[in-house]
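What follows draws every value from the coordinates through simple rules; no lab data is involved. Remember, it's a predicted structure, so these values are computed and weren't measured experimentally. In this analysis, Cβ positions are derived from the backbone assuming ideal geometry, glycine residues included, and neighbour counts consider all displayed protein chains.
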Amino acid sequence: IGSSNITNKQWLGFEGNNFEVTLDLGEVKPVKALGIDVLKLPTSQVFLPSSVEFFTSVDGFNYTSLSSYYTSESDNTQPDGPVMLSKNFDNLRSQFIRIKATNIGTCPPEYPCEPNRALLFVSEVEIE
């Protein structure tokens, strides 16, 4: 998990853009949980994604949406720093996993960075 330091090289930053990754597990395997580690640091223009979507595929071409995680007011009341957004799954078997995190786009009006593009920082994805 990344640190609260935005200059830490563990973080990948996306200015106004979304994050998407596709992972090949090499063979069909059981998957119990999927997650993404993001940074919440509004004073530095870094915000939680508006949503995270998890996909699965057995062939790498046809993907099925498993679940979507929409950040809520309760997520935004968490202390600033790294936040793991994850979902647990029962009886999931997959070879290919795709995770998409949607950037909020621009800084919200209550922050001094508005109307600049918001930053989305990702340090790792979790597959259990």
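Roughly speaking, what is the stretch gain from Glu110 to Glu27, that is 0.36 nm per residue apart minus the C-alpha to C-alpha distance, in nm to one decimal?
Values: separation 83, 0.36 × 83 = 29.88 nm, distance 4.66 nm.
This chain segment gains 25.2 nm when fully extended.
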Computed over the Cα atoms of the stretch 1-120, the Rg and Dmax in Å are 15.4, 47
Note, ³J(HN,Hα) from phi for the stretch 78-85, Karplus 6.51, -1.76, 1.60, rounded to Hz, x at Gly and Pro
5, x, 4, x, x, 9, 9, 9
Give me the Å³ per residue figure for the convex hull around the C-alpha atoms of the stretch 42-108.
107
Interchain or long-range residues, amide H under 5 Å from Ile104's placed H
Ser50
Residues whose placed amide H lies under 5 Å from that of Leu92, excluding near-sequence neighbours
Val31
Once the dipole of the chain is set up with Lys and Arg at +1 and Asp and Glu at -1 on Cβ about the Cα centre, which of Ser67, Leu39, Ile127 lies farthest towards its positive end?
Ile127
Hey, can you grab everything whose amide H is under 5 Å from the amide H of Asn5? Only 5+ residues off in sequence or another chain; H modelled, so Pro and N-termini drop out.
none
Expressed as a fraction of 2.2 N^0.38 Å, the rule-of-thumb size for a compact globular protein of N residues, what is the C-alpha radius of gyration of the stretch 1-63?
1.38
Which whole-Hz ³J(HN,Hα) couplings does the stretch 40-52 yield from phi under the Karplus relation 6.51 cos²θ - 1.76 cosθ + 1.60, θ = phi - 60°, glycine and proline marked x?
10, 8, x, 5, 10, 6, 9, 10, 5, x, 6, 7, 10
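Could you tell me which chymotrypsin sites (Phe, Trp or Tyr not before Pro) in the stretch 10-115 are loop residues by DSSP with no more than 10 other beta carbons within 10 angstrom of their beta carbon?
Numbers: sites: Trp11, Phe14, Phe19, Phe47, Phe54, Phe55, Phe61, Tyr63, Tyr69, Tyr70, Phe89, Phe96; in loops: Trp11, Phe47, Phe61, Tyr63.
When the chymotrypsin sites (Phe, Trp or Tyr not before Pro) of the stretch 10-115 are filtered for loop state and at most 10 Cβ neighbours within 10 Å, Phe61 remain.
Taking 35 Å as R0, compute the FRET efficiency from the Cβ-Cβ separation of Leu12 and Asn91 and round it to 0.05. Before the final figure, lay out the partial values.
Values: r = 32 Å, r/R0 = 0.90.
Calculated value: 0.65.
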